[in-house]
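First comes the structure, then the notes that go with it.
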Amino acid sequence: MKHPMELEATLLGESNAIRVLRTQVRTAAATSLPVLLCGPVGSGKELTAWAIHAASHRRGPFVPFNMSRASELISRDVAWDTPKPSAPHVPPTIPGDSLALDGGTIFLNEIAQLRPSSQTLLLQALKGYFLHQRRGATDPRTSPRLISATSIPPKELIQTDHFHERLLRRLGGMTITVPSLAERRKDIPTLALYFLSLLPASQRPLGYTAAAIRRLQAFDWPENVRALKRVVTAAARLAPGEMVDEMAVEFARKTTDCDTQTAQETASRRLRPAKVPSYSRLTPSQA
């Protein structure tokens, strides 16, 4: 998948919230600090991570991991000092060797899903990472960059004893909050037109009626931009003519299961942190 290099073409919109986010992305791109992205489900955290990677003009690849699907051994592959080969059952699409490529960015999504042993391994790997940073590279773009993300607020992770506080501090050298769609309703027309443009020409209406846009802006969007894309795709198929009208939008919202209660219940099930023992019982060697 190709991503445009210009931030304005990657993080679309002109709302104050998205303007602030683009400024924060530029600030993060100018450093080699690890970045922690916080924001609700579907708000665009992975796209924001990619934008930081692209804006920093790093030489290596952008390598995303979804921690909710990762095995215990994936964290071992993140040990930059001594990367270990992937275990046989780890999918070949995430080989450990690729993580050590010069100038790459490693993106750890939904870190709240990391198991206790994986959190300990990652903390150990980060010690080696920061040691490498302190030794000083002639060009920081040649060493791996770490970006992580969580849909659960960091304070909540710590208060509920689901996450190692020291690891969270290491991951959050710089913290950026990705706004929800409710915070950037002004951007909905732009995003809706963009998602429409991604459809095949034979399935693509010319645009939206004014009433359809007002309806899109009135929804709660608990699953944010991700849900907007689903609704736009469905509404395009339901459009009665060259324009997507209000009825098509309303019916698409219902058929794509984007009502507030159902989406919130679904998000709650997806983001429930793994049950872990209290980290107060960790020994100093584990922490």
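Below is a table of values for the structure above.
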{"read-out": "Complete set of residues in the stretch 196-239 that are assigned to a loop (DSSP other than H, G, I, E, B) and on the phi > 0 side of the Ramachandran plot", "value": "221"}
{"read-out": "Candidates 179, 189 - the one that is at pLDDT 95 or above and not in a helix (DSSP H, G or I)", "value": "179"}
{"read-out": "Pairs with Cβ under 6 Å, 6+ apart, first in the stretch 108-124 and assigned by TED's automatic domain parsing to the domain that holds residue 64, second hydroxyl-bearing (Ser, Thr, Tyr) and buried (at least 22 other Cβ atoms within 10 Å of the Cβ)", "value": "108/148; 111/148; 111/150; 112/150; 118/75; 121/75; 122/75"}
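The values are calculated or read from the model by the stated rules, or taken from the named source; none is laboratory data. Remember, it's a predicted structure, so these values are computed and weren't measured experimentally. For neighbour counting, all protein chains shown are included, and Cβ atoms are generated from backbone atoms with ideal geometry for every residue, glycine included.
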